[in-house]
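Written below as structure tokens is the structure these notes are about.
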Amino acid sequence: MELFFNPFDNLVCILLGISFTVWFTLLLVFIIVPAIFGVSFGIRRLYMKTLLKIFEWATLRIERGAKEKNHPLYKPYSNGKMYLDSAPEFEMSDIFYFARRGVESIMDDEVTKRFSAEELESWNLLTRSNNNFHYISLRLTVLWGLGLLIRYGFLLPLRVTLAFTGVGLLVVLTSVVGLLPNGRIKNFLSEKVHLMCYRICVRALTAIITYHDSENKPKNGGICVANHTSPIDVIILASDGCYAMVGQIHGGLIGVIQRSMVKACPHVWFERSEVKDRHLVAKRLSDHIEDKTKLPILIFPEGTCINNTSVMMFKKGSFEIGATVYPVAIKYDPRFGDAFWNSSKFGMVNYLLRMMSSWAIVCSVWYLPPMSREGEDAVQFANRVKAAIARQGGLVDLLWDGGLKRGKVKDTFKEEQQKLYSKILHRCNGSF
């Protein structure tokens, strides 16, 4: 039998080989190697500035087109508040205060709107961020189509490649480092491996991060607490310093990553049956922070993801241990991509695909001065830390429990509102 070779097939194979070689060479030179040494060429920040110029132009085109064609545009919703007169004079119209508060609680309460993506005042050329999208002009539509092609045709494959590279290197290298005996060399290599892999994963999201007040970065023997918006909060913080993670042991790919990481670094993983044992959790955390050679623990006390407009109630568990707490405030810029994970709407894979198909992830991180308990209980200390994070990040400080995302309101919160209304009624009755 004679074999026939098509020259065209050979040419295709050669071109594909050259394409893959160029692709991975660019990844190695411009992304992976800079991630290893923690340097940046400034390409991402230039990309961010370019996007801002395009968004400004698109917004102006939308406003002009809407004005000419009378298209309905999104207008920021302003929430007015009703304040009672300080003079205790009762009028029949006062009952409308309670009716209005009830209607406001249904239409625009300050809790449930924290569990959905915030609206943007200007369009970022993503249809997912504008539910009232209308055709305005041909040039704007062409620009949107070009952006779609860039995000899904170039950025998404690049980011997926980087993500697999970062996670793969993390699993392999931490497993190798875990074979070394405990000591300074192992700790040094573990830190370098974690930083390199997390920085590659950060580049997989085209994350542009600005760190402030690095002199306050968490130190060994302490607990780092931060507001929680997304699972990528961990990557954002760990790309600037190493932490001991705390969490439940999982199966599948996440379980493989956890088992490899703990070989190189003493992370604190719990079995499902152990998570609800508060005393066991506190004991494990206390034992970890007493060893000053171990990394600071990273904890998100809210216990759930909030849409980065507010900070909700901190669980008191991590504040009962008595360790030094290092507060960290994280604020995302939603103009480039919404980092909030609405877990009741999107699964993890779907969420990550949305992140990787966004323009970029832009955020600021503030390291606040360390804080310790000053003659206060754990709840008061947690509230003080939470207030500091909210103030620095420009977030709304709320006392509500993030568990309301899936549960019912606790009776204690209902009683507080009842006491507030009773005081108002008492003032009104005193006016007769």
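Within region 199-223, how many residues turn out to be in a helix (DSSP H, G or I) and either of a type in the set (D, E, K, R) or under 15 Å from the mean Cα position of the chain (by Cα) (or both)?
Step one: filter region 199-223 for residues in a helix (DSSP H, G or I), giving 199-203, 214-216.
When the remaining residues are screened for being either of a type in the set (D, E, K, R) or under 15 Å from the mean Cα position of the chain (by Cα) (or both), the result is 199, 201-203, 215.
So the answer is 5.
Of the residues in region 314-339, how many are surrounded by fewer than 21 Cβ atoms within 10 Å (Cβ to Cβ) and among the acidic types (Asp, Glu)?
2
Mind telling me which of the residues Tyr152, Tyr198 ends up being out of contact with any helix residue (DSSP H, G or I) (no Cβ under 6 Å at 6 or more places or on another chain) and either touching a residue at least 40 places away in the same chain (Cβ under 8 Å) or on the phi > 0 side of the Ramachandran plot (or both)? Steps first, answer last, please.
Details: Tyr198 fails: out of contact with any helix residue (DSSP H, G or I) (no Cβ under 6 Å at 6 or more places or on another chain).
Checking each option against the conditions leaves just Tyr152.
Only one residue in Leu15, Leu46, Leu52 is in a helix (DSSP H, G or I), open to solvent by 90 Å² or more (accessible area, probe 1.4 Å) and either at pLDDT below 70 or farther than 30 Å from Val193 by Cα (or both), so which one is that? Quick ask: steps written out before the conclusion?
On the way: Leu46 fails: either at pLDDT below 70 or farther than 30 Å from Val193 by Cα (or both); Leu52 fails: open to solvent by 90 Å² or more (accessible area, probe 1.4 Å).
Being in a helix (DSSP H, G or I), open to solvent by 90 Å² or more (accessible area, probe 1.4 Å) and either at pLDDT below 70 or farther than 30 Å from Val193 by Cα (or both) holds for just one of Leu15, Leu46, Leu52, which is Leu15.
In region 349-360, is there at least one residue being surrounded by 17 or more Cβ atoms within 10 Å (Cβ to Cβ), over 30 Å from Trp144 (Cβ atoms) and in contact with a strand residue (DSSP E or B) (Cβ under 7 Å, 6 or more places away or on another chain)?
Within region 349-360, not a single residue is surrounded by 17 or more Cβ atoms within 10 Å (Cβ to Cβ), over 30 Å from Trp144 (Cβ atoms) and in contact with a strand residue (DSSP E or B) (Cβ under 7 Å, 6 or more places away or on another chain).
Of the numbered conditions (1) part of a helix (DSSP H, G or I); (2) over 19 Å from Ala244 (Cβ atoms); (3) free of Cβ contacts under 8 Å to residues at least 24 places away in the same chain; (4) not basic (Lys, Arg), Phe188 satisfies every one except a single condition; which is it?
Unmet for Phe188, out of (1) part of a helix (DSSP H, G or I); (2) over 19 Å from Ala244 (Cβ atoms); (3) free of Cβ contacts under 8 Å to residues at least 24 places away in the same chain; (4) not basic (Lys, Arg): (2).
Looking at region 266-283, can you tell me whether even one residue there is open to solvent by less than 10 Å² (accessible area, probe 1.4 Å) and touching a Lys or Arg at 6+ places or on another chain (Cβ under 6 Å)?
Yes, there is a match, as at least one residue in region 266-283 is open to solvent by less than 10 Å² (accessible area, probe 1.4 Å) and touching a Lys or Arg at 6+ places or on another chain (Cβ under 6 Å).
Has region 223-236 got at least one residue that is more than 19 Å from Lys292 (Cβ to Cβ) and without any contact (Cβ under 8 Å) to a residue 60 or more places away in the chain?
Taking every residue of region 223-236 in turn, at least one turns out to be more than 19 Å from Lys292 (Cβ to Cβ) and without any contact (Cβ under 8 Å) to a residue 60 or more places away in the chain.
The values are calculated or read from the model by the stated rules, or taken from the named source; none is laboratory data. It should be emphasised that the depicted structure is a prediction, and the values quoted were computed from it without experimental measurement. Note that each Cβ is placed from the backbone with ideal geometry, even for glycine, and that neighbours are counted across all protein chains shown. The accessibility values were calculated without ligands, DNA or RNA, using every heavy atom of the protein model including side chains. Shrake-Rupley method; radii C 1.70, N 1.55, O 1.52, S 1.80 Å.
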